[in-house]
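Structure first, then comments.
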Amino acid sequence: MAREQTENLNLAIRLTQKLRSSVSQVFQDLADGFENQNAFGPQESEPGTGVSASCSLNNLQKSLKLVNNNYSELDKVASTLSTSVYTANTGHICVDPVVDKMPVYSQILHSYKWTNKMHEHSEKAVSILQQNSLKRSSLSPYRMSRVKGRSVLLPSAYPPSKVDTFIAQLDRQFQDIQFNVTRPLGSCAVVQVTLGRTMKVLLVFRGLMIEWVKVKGYQEDFLTEDGKIDIWSNSRFQVFRKITDHATAATLHFYHIMPEISIQSFIIWLQGYKNLFSAPCHKCGKHLQGALLPTWRDLRTRDPYHESCRH
Ligand SMILES: [Zn+2]
């Protein structure tokens with residue numbers, strides 16, 4: 001049905017073009033005076049003889065007949081087209097943008113000013129960063145940084161093979177912790193860390209930099225309903241949601257220009273949670289406070305504290 005409609009539309013377009021060209025021809029001939037089309041030759045088309053005039057009229061009649069025929073054909077095809085086609089097409093006319101009424105100019109001007117400003121700010125930022133002796137971020141095109149006289153890769157620039165090697169090394173180093181590496185997000189490693197029978201931690205890496213932390217209970221998993229890795233959903237238990245917050249803060253605390261040290265320190269700190277259900281709070285000596293376990297671990301000593309007891 002749709003195919004037939006399309007063919008009819010194409011035919012109608014062709015006929016419209018034909019009609020248009022025949023009408024143009026009429027006006028062209030009228031403007032030129034039918035002289036070139038005179039069937040009796042130039043010698044008999046002298047002005048005042050009357051022959052030229054009647055020939056011209058004859059030709060005009062022929063041209064008009066052609067126009068009429070073309071119009072009838074188009075009319076016939078047009079009647080076969082359903083009205084819905086017209087309404088569908090004309091319906092789009094109202095969404096046709098009126099250029100004059102669109103705020104394109106002011107938007108472009110705004111973007112231009114904004115880009116200029118950003119450029120200015122970034123130039124200033126570069127000059128300030130270049131003076132910074134810490135050099136946490138490198139501006140060199142090779143993404144290298146100098147630390148104590150030797151070059152090291154930035155944490156985010158580590159290739160997947162190096163990340164895998166490092167995680168395997170961690171797996172050997174920490175006997176009571178299991179590491180499981182997957183890459184559902186491309187080159188970024190998603191590492192599921194299982195801490196004894198206490199809890200599971202999902203770490204998303206960019207290079208060797210921890211970008212995302214989620215903590216869940218040992219009985220929970222990090223899978224969506226269709227079996228894919230789920231990095232977004234929170235634990236059902238408030239205890240693990242609290243630990244997620246503390247662990248996220250800890251990744252920032254343990255930040256180091258040497259990413260191996262940073263991750264090792266973080267894992268050692270995380271290991272402190274293996275007595276989550278057995279150790280009392282270091283300050284108040286209780287297990288529960290406000291129906292919550294001591295969810296915070298001291299960043300240096302790994303001593304357990306309730307969230308309100310840590311200060
Ligand atoms: Zn306490």
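Every number in this text was worked out from the coordinates using simple rules, so none of it is lab data. Since this is a predicted model, take the numbers as computed values, not measurements. Note that we place each Cβ from the backbone using ideal geometry, even for glycine, and neighbour counts take in every protein chain shown.
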Difference of contour (0.36 nm per residue) and Cα-Cα distance, His311 to Thr198: 38.1 nm
Hey, got a sec? Which GluC sites (Glu not before Pro) in the stretch 175-255 land in a DSSP loop and have at most 11 other Cβ atoms within 10 Å? Glu225
Please report, to one decimal in angstroms, the Kirkwood hydrodynamic radius of the stretch 155-309 built from all distinct Cα-Cα pairs. 15.9 Å
Extension gain Val23-Lys162, at 0.36 nm per residue separation less the Cα-Cα distance, in nm? 42.4 nm
25 Å Cα-Cα reach of Lys62 towards lysines, excluding residues that sit fewer than 8 places from it in its own chain: Lys18, Lys76
To the nearest 0.05, the calculated FRET efficiency linking Asn58 and Arg14 through their beta-carbon distance, R0 being 30 Å, is 0.60
Over 24 Å between C-alpha atoms is what I'm after, so list which of Lys242/Lys286; Lys200/Lys228; Lys216/Lys274; Lys214/Lys283 land there. Lys214/Lys283
